[in-house]
Amino acid sequence: MKILQNIASGILGLIFAGVVAILACIINPDIGVWINELIRPEDKVEAPVQDDSKKYYVEVPDWDYIYGRNQNSEDVDVDGSSNASTALGDMITSAVNGLSDAINELEATEVSNPAEQDVTVEDVANTANAIVNAVTGNGDKGIKVIVKDENEDSEAEELSKAQDNQEQTPAYAPGVPAGRSSYAAFDPEIIELTDPGLAKQAINSADYGQLGDGLTFDTQFYPYYHMLNDTGKALYRQIYANTLALNTTFRPIEQVSMDTMQMVLLSVVFDHPELFWLDTTFYQEYDYNGVALKLRLRYYDRIPDIPSANQKFLANADAIVAGASGLSDNYEKELYIHNYLADKLTYKHNPLDQSAYSAIVGDNTVCAGYAKAFQYLMQRLGVPTYLCVGSAGEMHAWNIIKLGDNYYNVDCTWDDQNPTVYDYFNLSDADNYMHKRMFNSVYLPACNEGTFIASIN
């Protein structure tokens, strides 16, 4: 009796829907032709053998979505009742569900060799779709018939999901350690001297200090120097020579804007991790024309005796480099330094954490310390390695290394986990998509190849 009630309810519902469709056809005859093409029986084919291991059911779409029904929309009358199109959606849903329940019960009777004219759930879905599409014109929101095993999803559906996910995500998606991006950009203190007399006084209060004449910097190891024009290179040599001589205040050899001065200073810091005492802040005076008149560098006050600290820094670096110098190739040397830093260091803030000193002498640092230490040690081993600065959720530092003819991204900070991982070891720019270069790091060589590895024994 229940089966008959379900069938009757479904058929009456579809008849009612059909009446609405007929009215639509009267208004637009093309709809009738289209429905006829959709529901016209196909050529006679051999009836399929019933597969008792499968179960068919109907996934009914969200009719509220189809009709745009919303409690705040005009589709709801002032008395709270829904309009005719919404009622049609509810009616079709009820009809399809009723026939689906009935057919499921019929299938439970284990009828074998169904007759060719017997109604199937697919027939119900196709007919209901024809009516819905004719009345609403929303053919893209149809009824889907899904086949599933009794205990697990069909392989076809899982494959479809996997393909969809592959299209939406990059080919390589390593994990991202939380809170591992703490690079501190420069924080300049800039003083504007609008009075010509004060400007002249500032000029006369400092000399050029060390000019760095005769200094040369290899293109393979100091890329930031070679990004500058001749004026920038002269200032670069002057800043480098004065920092090496521990001079803090001097007059720029070239008259440049504040922005240019900051870019040159960044270039010195990015190229030379061995100048670990150079703080991330500096003082600059400029005149009313925006021209830098005096530059004062700041050194870490937590390093009271820089020459003594430098001796300790070099001794520790010598010992680390000695452990890798006998290895057969640059890749093995890189792997050694990568793992050495991961074993030695703990990610933790401290007053010197923006310097290579914190990683080579100390045991606690942040991304700037990891990257500058890796840069310095690899360059000591004769492998071109650069500091790369940018964004990875927040300001971050990592490295670009040259192996053979190719360049790769390496992030020792993010690989320092327990145990050490290699998720960010020798990645192409495409695989390193969570890192975005900034400042003049955007001009470093592109990393077009990737030889990342999931694990190393």
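Any idea which of 416, 405, 431 is touching a helix residue (DSSP H, G or I) at 6+ places or on another chain (Cβ under 8 Å), modelled with pLDDT under 95 and not aromatic (Phe, Trp, Tyr)?
Values: 405 fails: touching a helix residue (DSSP H, G or I) at 6+ places or on another chain (Cβ under 8 Å); 431 fails: touching a helix residue (DSSP H, G or I) at 6+ places or on another chain (Cβ under 8 Å).
Matching residue, one of 416, 405, 431: 416.
Of 333, 294, 312, which residue is out of contact with any helix residue (DSSP H, G or I) (no Cβ under 6 Å at 6 or more places or on another chain) and among the basic types (Lys, Arg)? So that I can check it myself, show each step before the final result.
Numbers: 333 fails: out of contact with any helix residue (DSSP H, G or I) (no Cβ under 6 Å at 6 or more places or on another chain); 294 fails: out of contact with any helix residue (DSSP H, G or I) (no Cβ under 6 Å at 6 or more places or on another chain).
Selected residue: 312, the only one of 333, 294, 312 that is out of contact with any helix residue (DSSP H, G or I) (no Cβ under 6 Å at 6 or more places or on another chain) and among the basic types (Lys, Arg).
Give the range 196-231 a look and list any residue that's modelled with pLDDT of 90 or more and hydrophobic (A, V, I, L, M, F, W, C), or say none.
211, 215, 217, 221, 227, 228
Is there a residue in the range 211-224 that is open to solvent by less than 20 Å² (accessible area, probe 1.4 Å) and in contact with a Ser or Thr (Cβ under 8 Å, 6 or more places away or on another chain)?
yes
Do you know which residues across the range 347-384 are touching a strand residue (DSSP E or B) at 6+ places or on another chain (Cβ under 7 Å), crowded, with 24+ Cβ neighbours inside 10 Å and among the β-branched types (Val, Ile, Thr)? So that I can check it myself, show each step before the final result.
Step one: filter the range 347-384 for residues touching a strand residue (DSSP E or B) at 6+ places or on another chain (Cβ under 7 Å), giving 348, 350, 353-354, 358-359, 363-364, 366-368, 371-372, 374-375, 378-379, 383-384.
Within this subset, residues satisfying the condition of being crowded, with 24+ Cβ neighbours inside 10 Å are 354, 358-359, 366-368, 371-372, 374-375, 378.
Listed by number, the list holds a single entry, 366.
Give the residues of the range 296-333 that are more than 30 Å from residue 258 (Cβ to Cβ), of a type outside the set (D, E, K, R) and not in a helix (DSSP H, G or I), sorted by residue number.
Hits for the range 296-333 are 304, 326, 327, 328.
Looking only at the range 239-265, count every residue that is within 20 Å of residue 229 (Cβ to Cβ) and hydrophobic (A, V, I, L, M, F, W, C) and tell me the total.
Of the residues in the range 239-265, 9 are within 20 Å of residue 229 (Cβ to Cβ) and hydrophobic (A, V, I, L, M, F, W, C).
Could you list all residues from the range 330-346 that are over 27 Å from the mean Cα position of the chain (by Cα) and open to solvent by less than 40 Å² (accessible area, probe 1.4 Å)?
333
Just name the residue that is most open to solvent (accessible area, probe 1.4 Å) out of those in the range 385-428 that are among the aromatic types (Phe, Trp, Tyr) and over 18 Å from the mean Cα position of the chain (by Cα). Let's see the steps before the verdict.
Here is the first cut: in the range 385-428, the residues among the aromatic types (Phe, Trp, Tyr) are 386, 398, 407-408, 414, 422, 424-425.
Then drop every residue that is not over 18 Å from the mean Cα position of the chain (by Cα), which leaves 386, 407.
Working: 386: 7, 407: 44 Å².
Among residues in the range 385-428 that are among the aromatic types (Phe, Trp, Tyr) and over 18 Å from the mean Cα position of the chain (by Cα), the one most open to solvent (accessible area, probe 1.4 Å) is 407.
Exactly one of (1) touching a strand residue (DSSP E or B) at 6+ places or on another chain (Cβ under 7 Å); (2) free of Cβ contacts under 8 Å to residues at least 24 places away in the same chain is unmet by residue 297. Its number?
Of everything listed in (1) touching a strand residue (DSSP E or B) at 6+ places or on another chain (Cβ under 7 Å); (2) free of Cβ contacts under 8 Å to residues at least 24 places away in the same chain, residue 297 misses just condition (2).
Let's see how each residue does on (1) within 31 Å of the chain's Cα centre (by Cα); (2) on the phi > 0 side of the Ramachandran plot:
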site: 209; (1), (2): no, yes
site: 216; (1), (2): no, no
site: 221; (1), (2): yes, no
site: 228; (1), (2): yes, no
site: 235; (1), (2): no, no
site: 240; (1), (2): no, no
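The values are calculated or read from the model by the stated rules, or taken from the named source; none is laboratory data. None of the values given here were measured: they were computed from a predicted structure. Here Cβ is always computed from backbone atoms with ideal geometry, including for glycine, and neighbour counts include all displayed protein chains. When the accessible area is computed, the model is the full protein with side chains, heavy atoms only, and any ligands, DNA or RNA have been set aside. Shrake-Rupley method; radii C 1.70, N 1.55, O 1.52, S 1.80 Å.
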